[in-house]
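> Below you'll find the structure I mean.
The values are calculated or read from the model by the stated rules, or taken from the named source; none is laboratory data. Owing to the predicted nature of the structure, the values given are computational and were not obtained by experimental measurement. Heads up, the Cβs are rebuilt from the backbone with ideal geometry, glycines too, and the neighbour counts pull from every protein chain shown.
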Amino acid sequence: MATVWALWVSLPFPRLVLFCFSAIFYAFAGLNDVLIVTTLLVFNFLFSFLVTKSKLYLAFIILVNILVLFIFKYESFFISGVAGYDLFTADIIIPLGISFYVFQMTGYQIDLAKGRCSVQRDPIRFVIFVMFFPQLIAGPIVRAQNFMPQIDNLARIRKRSLKSTMLPSLALILLGLVKKIYFADSLAPHVNDIFARGPEDAQTAILGAWLFAFQIYFDFSGYSDMAVGMARLFGIRLPMNFFQPYLSRSPREFWQRWHVTLSQWILNYLYLPLGGNKGPWARAFAVLLITMGLAGLWHGANWTFIIWGLGWGLVVFLYRQIGQYLATIPLAGWLVTFSLTLGLWVFFRSPDLHFALSYFQTMGGGAPTGDWAVSFNGWNGIFIIMGCLSLLILHFAESKLFRAPVARILARRDGLFWQGVVIALILWLVLLPDLNGNPFIYFRF
Amino acid sequence: MKRFRPLLLFCTGLIVGTILMEGILRMNEVWPLWKVATVAQASFYGPDWDTGYSHRPDRDGLWLTENRAWRHVNKTGQLGPDYSIPPMPGTLRVAVVGDSIVESLQVADEDTFIRKSEHLLRHDKIHAEVLNFGLSGASAAVSAARIDHAVFSASPDLIVLLLKSPELLLARVGDDSAFPAYISGSSNEIVRGTEFRQGRGFQLRSGILGSVLYWLLDHSRLANILNNRKNVGFFNEVSNPQNNEVSTAAAAPQTCAFNHKTMSPVQQAILDDLSYYPDGSQPRLILALTGLSTQCDSLTERQTIIEEVYKALSKRLPDVSVLDLDAVLSTHMAGPEPDLSVLHGFGRNLGTGHLNKRGHNLYAAVLTDAIQRFIEQHP
């Protein structure tokens, strides 16, 4: 990373540096993955000149993109008709980052057809748009109208970035690493134990859902923070993907704080074109269900993801009807939203629907799902509850980090000493032993 | 000087960041934070003149692999509390020797079958002291070397040796470049080779540089992280024995034959080694063969093997007992075809790995039972 940055700073052709490094970075994924992305890049680049001429071309390239995604991601799901592939424990078998770059390219084609952006004629710039290494594998999914102008002006951006502060970018990378290595990877073994063996009692089941909620948040938002921080080092501004989602007071707000760039993609390219909230309630409900169901399916070939998405659709719809009443009771909106989020994460994390339903039964004090019980006796219980509450408090504290005073402090402290401190912490975090081998969760999607 | 100021500032920052990280890792070791937080795995192993590698005395630290546990290596280099030499009068001192199953780094000392069997014996009015002489990856030759030196020094009244059955049934000439192994001597006799002592790695680890680096490992969590991350070359004690164990198991063909009259020279050497201390005196020994159920198809075959090994050993040792550990464990478990794999592994890895708490409980019951029987038969 330091080498790339040094080359980017010193060489006269920054665009070529980013292009080469992004290509080299993805080459580690293997020949198959490279062939798939290259084919899609060529198709999308060529069709970008045609989509403005006829809707047929747009339909065709969208079909190609979706078809490739379906073939390489959902093949087993549609051929066998059953979805039982546990994404959380099995090896990563889908081409790296396919869900993200397919969505990004598809969004670009639609924006082109709608005249929201202009066509990119330079293939190198187009490749950087799709394969920019910090965000290639798991987002944020960027829109052409925001990202392309930055690629077009890389030389000017480089000059500007060298004059601007480095410490906020490094601090963002550090924050991402702390979230991933310090928190997500520490929670992962406990979550994996509970979901692999099955909870024996209600408190273990609730603990599993709670810990997974924070594990996936730390894991995914950690990656996004690092991506944004790394891009910022190169002077490129990527959108933030997470805004402390567990502080949401309604399901709608949750989706404005969780995986924001995917939510916006779905809103702009799926929900609104399907009709959005217009028309009779049954139609609006159906549109919501279809949209959220597809958002669930995007995560992987398993019924658990579809039910998770449909569940969110139902929750968002119902909340529209009763939300106004809950808003009058202090904290009720937050409590209901947080509880529903935890419940829906159970579907998301479960290996199959049967397990998820059994898990809910255990959560409610019913029959055990498996034989894994975490002892809540004595101090153990007190520490577990304190630990769980600490995660929530940290979540709240994190919201205070992204404020102007913090940015001012970082800008004021920007200098070689503090840069050295942060770089040392980053290096040590990278070197921390990974005894469990936990790749980023969203690499699996 | 002004020219170097930026570099100086940056390097100071790096040092402060490093100290900060060291502090964070140490802070994470506070109970109960260490059970979940990011911590460094302690380095317990070091070079040993007799066995190639062993636990470094008087070390404390966290073990993370498979399951987290806080462990202590006593002043004489065994896992567990210190003990007096010679034993207190009226105390039955039992030394349990074996590989990582005996070592039991994955659970706290009070949860190991060693400590549990000590409690069970005391509960039955036998004032016993059970010592843990387990060492990860210990082969028959390493265990024999350990008995000759570390165990002998502890003056136990009884030795319990857990030995993988292929070690005795196959008993092949080995490679002594990393740790002791049975090799062909100059006049073709089988001897316990110690070629590892001439190895560059061993000499480096035993020298001044080794002392400095082990000092670093003992005083810096970050040094442990680097060591665990880049565990090749210099500090490879941890990885080597385990790798060796895996490769031996993978390479070992199934064999279910042993005849006390037609023993191979290596088999004879192993049994000879187990029968005498360096001063010529003889230990009282319980030999527990493990994994015999994977070597032999029927219980009858296994019983024949045990009888044959007993015949071979009893010719050499007056006070000896031989156990088929799998068979004894099975009799302690409920059901017609008990599944021994449930005794191994933690959490989602149930069925593979080292003994879990259930495994330790059962092993403790079996060990206690075996010791009590032995005392009755050999008063």
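Residues are listed down the side, and each one gets a yes or a no for (1) on the phi < 0 side of the Ramachandran plot; (2) surrounded by fewer than 19 Cβ atoms within 10 Å (Cβ to Cβ):
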position: A:Val4; (1), (2): yes, no
position: A:Pro14; (1), (2): yes, no
position: A:Leu18; (1), (2): yes, no
position: A:Ser22; (1), (2): yes, no
position: A:Phe25; (1), (2): yes, yes
position: A:Gly30; (1), (2): no, yes
position: A:Leu35; (1), (2): yes, yes
position: A:Leu40; (1), (2): yes, no
position: A:Val51; (1), (2): yes, no
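> Does B:Gly345 satisfy being among the small types (Gly, Ala, Ser), within 14 Å of chain A (Cβ to nearest Cβ) and either surrounded by 14 or more Cβ atoms within 10 Å (Cβ to Cβ) or in contact (Cβ under 8 Å) with a residue 12 or more places away in the chain (or both)?
Criteria met by B:Gly345.
> Is it true that B:Ile101 is under 30 Å from B:Arg221 (Cα atoms), out of contact with any His (no Cβ under 6 Å at 6 or more places or on another chain) and β-branched (Val, Ile, Thr)?
So B:Ile101 fits the description; yes.
> So, A:Phe214, is that one within 14 Å of another protein chain (Cβ to nearest Cβ) and more than 22 Å from A:Ala29 (Cβ to Cβ) or not?
Answer is yes for this residue.
> Could you say which residue among A:Ile322, A:Ile306 is in contact (Cβ under 8 Å) with a residue 12 or more places away in the chain, over 20 Å from A:His395 (Cα atoms), assigned by TED's automatic domain parsing to the domain that holds A:Arg197 and assigned to a helix (DSSP H, G or I)?
A:Ile306
> Shifting gears a bit: Please state which one of A:Arg125, A:Arg121, A:Arg116 is surrounded by fewer than 23 Cβ atoms within 10 Å (Cβ to Cβ), in a helix (DSSP H, G or I) and more than 14 Å from every other protein chain (Cβ to nearest Cβ).
Matching residue, one of A:Arg125, A:Arg121, A:Arg116: A:Arg125.
> A further question follows. Would you confirm, using the coordinates I've provided, whether A:Gln135 is at pLDDT below 90, among the polar types (S, T, N, Q), surrounded by 20 or more Cβ atoms within 10 Å (Cβ to Cβ) and over 29 Å from A:His395 (Cα atoms)?
So A:Gln135 fails the test.
> Here's another thing I want to ask about it. Of the numbered conditions (1) assigned to a helix (DSSP H, G or I); (2) aliphatic (A, V, I, L, M); (3) more than 14 Å from chain B (Cβ to nearest Cβ), A:Ile384 fails exactly one; give the number of that condition.
The one condition A:Ile384 does not meet is (3).
> What number of residues in the range B:320-350 are assigned to a loop (DSSP other than H, G, I, E, B) and modelled with pLDDT under 90?
8
> Still on this structure: Filter the range A:154-203 down to residues that are free of Cβ contacts under 8 Å to residues at least 60 places away in the same chain and over 27 Å from the mean Cα position of the chain (by Cα) and give me whichever is nearest to A:Gly365 (Cα to Cα).
Taking the candidates together, the pick is A:Lys163.
> Residues being farther than 16 Å from B:Glu29 by Cα and surrounded by fewer than 17 Cβ atoms within 10 Å (Cβ to Cβ): count how many of those fall in the range B:212-226.
Looking only at that region, the number is 3.
> Please enumerate the residues belonging to the range A:359-385 that are closer than 13 Å to A:Leu207 by Cβ and loosely packed, with under 13 Cβ neighbours inside 10 Å.
Passing the criteria: only A:Ser375.
Conditions (1) touching an Asp or Glu at 6+ places or on another chain (Cβ under 7 Å); (2) assigned by TED's automatic domain parsing to the domain that holds A:Trp334; (3) in contact (Cβ under 8 Å) with a residue 24 or more places away in the chain; (4) surrounded by fewer than 17 Cβ atoms within 10 Å (Cβ to Cβ), marked per residue:
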position	(1), (2), (3), (4)
A:Thr261	no, yes, yes, no
A:Asn268	no, yes, yes, yes
A:Leu274	no, yes, no, yes
A:Asn277	no, yes, no, yes
A:Ala282	no, yes, no, yes
A:Gly293	no, yes, no, no
A:Leu297	no, yes, yes, no
A:Asn302	no, yes, yes, no
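> Inside the range B:188-228, can you point out the residues that are within 14 Å of another protein chain (Cβ to nearest Cβ), closer than 16 Å to B:Tyr53 by Cβ and modelled with pLDDT of 90 or more?
Matches in the range B:188-228: B:Leu217 only.
> Six or more apart or on different chains, Cβ atoms under 9 Å: show the pairs whose first residue is in the range B:220-231 and among the hydrophobic types (A, V, I, L, M, F, W, C) and whose second is modelled with pLDDT under 85 and surrounded by fewer than 17 Cβ atoms within 10 Å (Cβ to Cβ).
The qualifying pairs are B:Leu222/A:Leu431; B:Ile225/A:Leu431; B:Leu226/A:Leu431.
> Just the residues that are small (Gly, Ala, Ser), assigned to a helix (DSSP H, G or I) and more than 26 Å from A:Arg116 (Cβ to Cβ), please, taken from the range A:241-292.
A:Ala282, A:Ala286
> Which strands (runs of 3 or more DSSP E) sit wholly inside the range B:1-86 and have at least 2 residues that are away from chain A (no Cβ under 12 Å) and more than 28 Å from the chain's Cα centre (by Cα)?
Correct list: empty, since no element meets the threshold.
> If you don't mind, another one. Is it true that A:Val17 is in the same structural domain as A:Val130 (by TED's automatic domain parsing), modelled with pLDDT under 85, more than 22 Å from A:Phe305 (Cβ to Cβ) and part of a helix (DSSP H, G or I)?
Criteria met by A:Val17.
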